[in-house]
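Handing you a structure now.
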Amino acid sequence: MPSTAMPLIAAHRSSDAKHHADALTYSRRRGLDDFLRQMYEATPMQTLETERKCVSAEILTELARRMVLPTAYLAMALGISKATAHRKIAACELVDGRPIVGLVKLLALAQTIVDESTSIEAENFDTVKWLGQWIVRPQAALGGAKPAELLDTTTGITLVAKVLGAIRSGAYQ
């Protein structure tokens, strides 16, 4: 490689570093709503870094509590074994950020549906709890599968998001 190319590569790398976003963090002290707000306001690069860098396993406990689901069930739905989830939660370790971010995106979509609703019931509606109950019910649009059975892959989350999108548009009840 010619020596003149080296400064160009170095300049390109430092330029990339300037555009590198920080991963978002969940903290039990700030809570789930703070993390959801961070995710809602995140740039695509911040979301990407959050997926790559992992998320505190403690979020599983709060998500499960707010979704009214057993922690072990939610963890397994996200592709995390029961034993691994309990160990990582107890040790305040990190878990793969991809399924967490996917679930948070579904929560954001569900919240958009509620926010756009003109129904009086939409006021003070607990979207997190609703989604927790919805994902454990078989859905005809998913061939009778429960959305929770699909949350462990990007494709599964995309399929579940499409069903939520159909609910949003009124095409599926």
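None of the figures in this text is laboratory data; all of them are computed from the coordinates on show. For clarity, every value in this text was computed on a predicted model and none was experimentally measured. Virtual Cβ from ideal backbone geometry, glycine too; neighbours counted across all protein chains shown.
I want to verify a result. In a Gaussian network model of the chain, Cα cutoff 10 Å, which of these has the top mean-square fluctuation: THR71, THR47, THR154?
Looking only at THR71, THR47, THR154, the biggest GNM fluctuation is shown by THR154.
Rank the residues ARG52, ARG65 as a footprinting-exposure proxy: fewest other Cβ atoms within 10 Å of their Cβ go first.
With the sparsest Cβ surroundings first, the list reads ARG52, ARG65.
Okay, next question. For a footprinting-style exposure proxy, rank TYR26, TYR40, TYR73 by other Cβ within 10 Å, fewest first.
TYR40, TYR73, TYR26
Can you flag which of LYS53/LYS146; LYS88/LYS146; LYS105/LYS162; LYS53/LYS88 are past 20 Å Cα-Cα?
LYS53/LYS146; LYS88/LYS146
Right, next: Report the net charge of residues surrounding ALA23, where surrounding means a beta-carbon distance below 13 angstrom and charges are Lys +1, Arg +1, Asp -1, Glu -1.
With Lys, Arg at +1 and Asp, Glu at -1, the neighbours total -1.
Same structure again: Could you please rank SER27, SER119, placing first whichever residue has the fewest other Cβ atoms within 10 Å of its Cβ?
If I rank by nearby Cβ atoms, fewest first, I get SER119, SER27.
Compute and list, largest first, the equivalent-ellipsoid semi-axes of region 21-169 from the alpha carbon gyration tensor, each √(5λ) rounded to a whole angstrom.
For region 21-169, the semi-axes come out at 23, 18, 15 Å.
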